[in-house]
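Below is one structure, written out as structure tokens; comments come after it.
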There are 4 protein chains.
Amino acid sequence: MQKGRLEAFSDGVLAIVITIMVLEIKVPHGDELSDLKPLIPILLSYILSFIYIGIYWNNHHHMLHTVKHVSGSILWANLHLLFWLSLIPFVTGWLGENHFASLPMALYGIILLMSAIAYFILQRIIIKAQGKESILAKAIGKDLKGNLSPIFYILGILASFYKPWIAGIFYILVALMWLIPDPRIERTLRESHKN
Amino acid sequence: MQKGRLEAFSDGVLAIVITIMVLEIKVPHGDELSDLKPLIPILLSYILSFIYIGIYWNNHHHMLHTVKHVSGSILWANLHLLFWLSLIPFVTGWLGENHFASLPMALYGIILLMSAIAYFILQRIIIKAQGKESILAKAIGKDLKGNLSPIFYILGILASFYKPWIAGIFYILVALMWLIPDPRIERTLRESHKN
Amino acid sequence: MQKGRLEAFSDGVLAIVITIMVLEIKVPHGDELSDLKPLIPILLSYILSFIYIGIYWNNHHHMLHTVKHVSGSILWANLHLLFWLSLIPFVTGWLGENHFASLPMALYGIILLMSAIAYFILQRIIIKAQGKESILAKAIGKDLKGNLSPIFYILGILASFYKPWIAGIFYILVALMWLIPDPRIERTLRESHKN
Amino acid sequence: MQKGRLEAFSDGVLAIVITIMVLEIKVPHGDELSDLKPLIPILLSYILSFIYIGIYWNNHHHMLHTVKHVSGSILWANLHLLFWLSLIPFVTGWLGENHFASLPMALYGIILLMSAIAYFILQRIIIKAQGKESILAKAIGKDLKGNLSPIFYILGILASFYKPWIAGIFYILVALMWLIPDPRIERTLRESHKN
């Protein structure tokens, strides 16, 4: 199985997911500033989800960079990840529509958590396939970010029933954590090229 | 004709098909758990269709792997397959909207059956073009799965007018049958590389 | 300018155009056969448009195959073509919604005509850029199909105000004419490879 | 990081953005000419936005042509640009829906301005990464168009509260300015290939 087509398909799905979210921002009928006001929470949730899909696309790219042979299990673990990410437009729309109410906030966190778990499974399968000298395992190292993210998601899910805005802070924190460029994989790759 | 562009176009269509299905999961206005309840059948039908598109993408990829020259008939047989697959979001939405009623269940099976027939036609045309030493013909062999699938679809279509859930079981069985990784083509390919 | 990215972008737009048309087939609320009946004209117009986009994608591919350097004018002539093709989902939806009434039928023909003109302009620009020894000019030759199509479209547009179904026959005839595989470009290409 | 996947992802997003705008042209229920009349402003705004996305795709392509190594900051500056461009279908729909009223006209200009700023940031980051001998810096030169565009957008935004059609003229002027083929980058590239 060629890696190129897996990447192309994933890129296609992620490009569509990131773009169809904008269809949730329904064009208002009026032409006044007050007509735009109800769209603000929808826009805010769109921005957050846009960043999340961007992060996943970026990390996905780096991870696949270390893959040589695509097996059937990698393929399905990848589709499993795309499945959860494909639900992000739905929860984003629900979140914005309901002005960050408790349940939509919790469901948003659950979809993020499931995506993180799907990403983790894909990572495990790739590392297992690469064997002991796995370049990906080296690149990830202790994976502080990867371990912190699900904890923050769970805290966010729990917090959303108490004060939804606390959940929002948790989700924003995880996004910021990943936005900071991660030099680990690139560095390890560069070193492995040297040897 | 280059194979690359046929693959890219097919990947694009399949990526869009798999993603726009999510647009059928309409964002509910309320923010309570009861507002999500009517979405459960829509989500379930989405999951089944997502797996089916994944299977088609996977098998399509393997099949085209054996193709060298893309003729006009391969191109149109491929578009014919994409046509039936493009109707899956519609029947998926209808199925979920009507809580797995008889007629939607039957139509779902009919679209699956037509897709399988279109896939079979494409396979025949490729094998014919490859001649006696067809690598694809060898790879498929007796093609138990390929022969069982249409029978299960037909049984499902018939069953849907009696008890729709029996049809559901048939459609899930076919999906599970294909989800189990198929080492035939990969093995045959590997052997042909050796010689 | 690299040809690859022009092809990829065109493939992307065409893949989306061919797929979003299916969104016009709105999921009916009922689950009976009578609920599907109003969808028949929408499905029929979808099939015709699907074939037209398939033809354009196919011919576009063959035409670009002869291009080496993509200039700014080729790029914009290509976008001009994509613009008219992007309106096909709209006219397809309007045609199906109004059961092949006169005006939608005429507008459908107008969009097909404008697409054909845009295609012709793109062809001219490519041939001009290739100079006297243009491989594309040779491949097209007398271009019977290319000359007949706009005449049939115009006849269809005129006929649609008299009897819409006559217009439909003209549009179907053009589609059938192009569906028959066109060995000219491939043959000329093969010969040019020999020399 | 490979440039190819960044280009493919950007192409995908732009192809979707340019195509989903057409979904804003809702299919009218009637089949008479008067039913099409309210769609004229929507079609006009669609044409303008189609040209803008075409210009961005074209310039984006030329700019990335000079890039060799894609860093994390280039990647996020690129996503930032795609974010603003992804909002164009929304403002296009709002503009057409309200027949070019003041506020939609101003917001259209604001999104164009933000896209231009995002493009400028991406350009700066690429030039900085290329160092003193930046091929992109040479290619852009004094960048008259790049400097005039934001001024025209701001004039348009201001004018939209006075006479919206003046804003329209400013936006059309910028589009025309960029439509005229820009030989600078290609020429500089060609010269750098010679040396």
Could you please find all residues in segment D:1-24 being within 9 Å of chain C (Cβ to nearest Cβ), farther than 18 Å from B:Ile20 by Cα and not small (Gly, Ala, Ser)?
D:Glu7, D:Asp11
Of C:Gly30, C:Gly4, C:Gly12, C:Gly93, which residue is part of a loop (DSSP other than H, G, I, E, B), of a type in the set (Gly, Ala, Ser) and either buried (at least 24 other Cβ atoms within 10 Å of the Cβ) or out of contact with any helix residue (DSSP H, G or I) (no Cβ under 8 Å at 6 or more places or on another chain) (or both)?
C:Gly30
Answer yes or no: is there a residue in segment D:142-153 that is aliphatic (A, V, I, L, M) and within 28 Å of D:Ser102 (Cα to Cα).
yes
Restricting the search to segment D:142-164, which residues are surrounded by 20 or more Cβ atoms within 10 Å (Cβ to Cβ) and in contact with a Phe, Trp or Tyr (Cβ under 6 Å, 6 or more places away or on another chain)?
D:Phe152, D:Gly156, D:Pro164
Does D:Leu39 count as touching a residue at least 60 places away in the same chain (Cβ under 8 Å), over 14 Å from C:Gly12 (Cβ atoms), more than 8 Å from chain C (Cβ to nearest Cβ) and assigned to a helix (DSSP H, G or I)?
no
Let me confirm something: among C:Leu112, C:Leu148, which residue is part of a helix (DSSP H, G or I), aliphatic (A, V, I, L, M) and in contact (Cβ under 8 Å) with a residue 40 or more places away in the chain?
C:Leu112
Can you say whether A:Leu64 is part of a helix (DSSP H, G or I) and within 26 Å of D:Gly4 (Cα to Cα), as far as the supplied structure shows?
yes
Condition set among the β-branched types (Val, Ile, Thr) and farther than 30 Å from A:Ile126 by Cα, scope segment A:21-70, selection nearest to the chain's Cα centre (by Cα): answer is A:Ile47
Test C:Ser45 against the criterion of being more than 10 Å from every other protein chain (Cβ to nearest Cβ) and either in contact (Cβ under 8 Å) with a residue 12 or more places away in the chain or crowded, with 19+ Cβ neighbours inside 10 Å (or both), and give yes or no.
yes
Positions within segment A:1-22 being free of Cβ contacts under 8 Å to residues at least 60 places away in the same chain and hydrophobic (A, V, I, L, M, F, W, C), in sequence order:
A:Ala8, A:Phe9, A:Ala15, A:Ile16, A:Ile18, A:Val22
Residue satisfying condition, being away from chain B (no Cβ under 11 Å), out of contact with any strand residue (DSSP E or B) (no Cβ under 9 Å at 6 or more places or on another chain) and crowded, with 19+ Cβ neighbours inside 10 Å, within set A:Leu81, A:Leu75
A:Leu81
Looking at A:Ile126, A:Ile111, which is the one that is closer than 17 Å to A:Leu64 by Cβ, crowded, with 19+ Cβ neighbours inside 10 Å and of a type outside the set (D, E, K, R)?
A:Ile126
Single residue of segment D:165-179 satisfying the filter (in contact (Cβ under 8 Å) with a residue 60 or more places away in the chain and more than 16 Å from the chain's Cα centre (by Cα)) that is surrounded by the fewest Cβ atoms within 10 Å (Cβ to Cβ)
D:Trp165
With the first residue restricted to segment A:71-90 and required to be of a type in the set (S, T, N, Q), and the second required to be not in a helix (DSSP H, G or I), Cβ contacts under 9 Å at 6 or more apart or on different chains are A:Ser71/A:Met1; A:Ser71/B:Pro181; A:Ser73/B:Pro181; A:Asn78/A:Val70
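Coordinate-derived values only; no laboratory data. Please read these numbers as outputs of a predicted model, since none were measured by experiment. Please note: Cβ atoms are built from the backbone with ideal geometry, for glycine as well, and neighbour counts cover all protein chains shown.
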